[in-house]
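In what follows, a single structure is set out as structure tokens and then discussed.
The values are calculated or read from the model by the stated rules, or taken from the named source; none is laboratory data. None of these values were measured; they are calculated from a predicted model. Cβ placement follows ideal geometry from the backbone for every residue including glycine, while neighbour counts extend to all protein chains displayed.
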Amino acid sequence: MAVRDQVGRLRWTGVVPVLAAVVLVATWGSKPAAAVLTLVGVLLAASVLAAVHHAEVVAHRVGEPFGSLVLAVAVTVIEVALIVTLMIAGGPDASTLARDTVFAAVMITCNGIVGVCLLIGALRTRVASFNAEGTATALATVVTLATLTLVLPTFTTSSPGPEFSSAQLAFAAAASIALYALFVVVQTVRHRDYFLPVGDGPEEHAPPPSHRVALTSLALLVVALVAVVGLAKIETPAIEDAVGAIGAPPSAVGVVIALLVLLPETLAAVRNARGDRMQTSFNLALGSAVASIGLTIPVIAVASIWLEGPLVLGLGSTQIVLLAVTAVVGGLTVLPGRATLQEGGVHLILFAAFLFLAANP
């Protein structure tokens, strides 16, 4: 991204977080009317876009693969904040929200974003190329984290239902943090070259933003994140009512949250795919999945100390089957280091199946 584009977009992305913060202060603790809730919803979505844009500016300053890491962490902070906010507001009825959101994030990133990017890359160059070593490492980390935190609770026997006991939850949280930290070290230090783009796209050497622009974006990123958390709490009843109005199960709320927070990152991944930088697209997609599980589960584990009701993490049989197929197909896709339209289509069909079954379980 050129500096000129960053400065130009700084106009609206600078105004939106400040405006959202003002609306947050004005509406906090009240029950806004429908018109105000509509404005809050628009500002919430715009603040997410602005937050990830500023994260992208900072990311471009520090370079790849640190850039993808910054974006992934920023998106995960938003996701965790939304989950905790909705769980506090929802009480015992929100016991499955963390599970549903994290699983949705995995399916969106590993099938939706990966599928779209493969489709775009294969249409441009017939065969999309990427680093098999780095991509396989990220996918293996996602699958391991998902199995430890979302599949095992369904089969453990220490606690009734698909829940971890306190000791098991503590182990899962510690394992998640350890795996995420190890992945960051491998991605940014030990084997950084595994996560660098294959070849140079047309924007590969665009000059980074100035130190001043990067610091400004960092400050606005913090404001945008605070605004997102606060506005989400205000918008919570409207989100739940909208899901109920279309006849979707309560678990669809988690899908809505994941779609909301991952939309900007999806756009960033697509832009990189169009620029023939498939590895950066995969860094964004799979890095977000790793961060989503590796950071969300430990935070939720700590939050469960004061949250009311049980914390249900175990997936149902349908979700486990989708996760297993995703793991197998993902491995077959990334190991050759090259993929065609067929692989992109397979991932998109799996994503479509996830969305259909989320609304029609």
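Exactly one residue out of SER251, SER176, SER165, SER158 is buried (at least 19 other Cβ atoms within 10 Å of the Cβ) and out of contact with any Pro (no Cβ under 7 Å at 6 or more places or on another chain): that is SER251. Of everything in segment 293-311 that's modelled with pLDDT under 85 and touching a helix residue (DSSP H, G or I) at 6+ places or on another chain (Cβ under 6 Å), which residue is nearest to ALA258 (Cα to Cα)? Among them, the one singled out is ALA303. Exactly one residue out of ALA268, ALA324 is free of Cβ contacts under 8 Å to residues at least 24 places away in the same chain, part of a helix (DSSP H, G or I) and not hydroxyl-bearing (Ser, Thr, Tyr): that is ALA324.
Checked against the criterion of being at pLDDT below 90, within 18 Å of LEU295 (Cα to Cα) and aliphatic (A, V, I, L, M), the candidates VAL189, VAL229 yield just one match: VAL229.
Filter segment 152-172 down to residues that are in a helix (DSSP H, G or I) and closer than 10 Å to LEU313 by Cβ, then give me how many there are. Total meeting the criteria: 6. Scanning segment 291-309 for residues that are surrounded by fewer than 16 Cβ atoms within 10 Å (Cβ to Cβ), in contact (Cβ under 8 Å) with a residue 40 or more places away in the chain and of a type outside the set (A, V, I, L, M) turns up GLU308, GLY309.
Among the residues examined, GLY254 qualifies as under 19 Å from PRO153 (Cα atoms) and either under 18 Å from the mean Cα position of the chain (by Cα) or in a loop (DSSP other than H, G, I, E, B) (or both).
Consider segment 77-113. How many of its residues are modelled with pLDDT of 80 or more and out of contact with any Pro (no Cβ under 7 Å at 6 or more places or on another chain)? Of the residues in that region, 18 qualify.
Of the residues in segment 120-135, how many are surrounded by fewer than 21 Cβ atoms within 10 Å (Cβ to Cβ) and assigned to a helix (DSSP H, G or I)? Please lay out each step first, then the result.
At the first step, the residues of segment 120-135 found to be surrounded by fewer than 21 Cβ atoms within 10 Å (Cβ to Cβ) are 123-127, 129, 132-133.
Still in the running and assigned to a helix (DSSP H, G or I): 123-125, 132-133.
Summing the residues that are surrounded by fewer than 21 Cβ atoms within 10 Å (Cβ to Cβ) and assigned to a helix (DSSP H, G or I) in segment 120-135 gives 5.
If you go through segment 179-190 and pick out every residue that is out of contact with any Pro (no Cβ under 7 Å at 6 or more places or on another chain) and crowded, with 16+ Cβ neighbours inside 10 Å, you end up with 5.
ALA140 meets each of the listed conditions (1) farther than 18 Å from ILE297 by Cα; (2) assigned to a helix (DSSP H, G or I) apart from (1).
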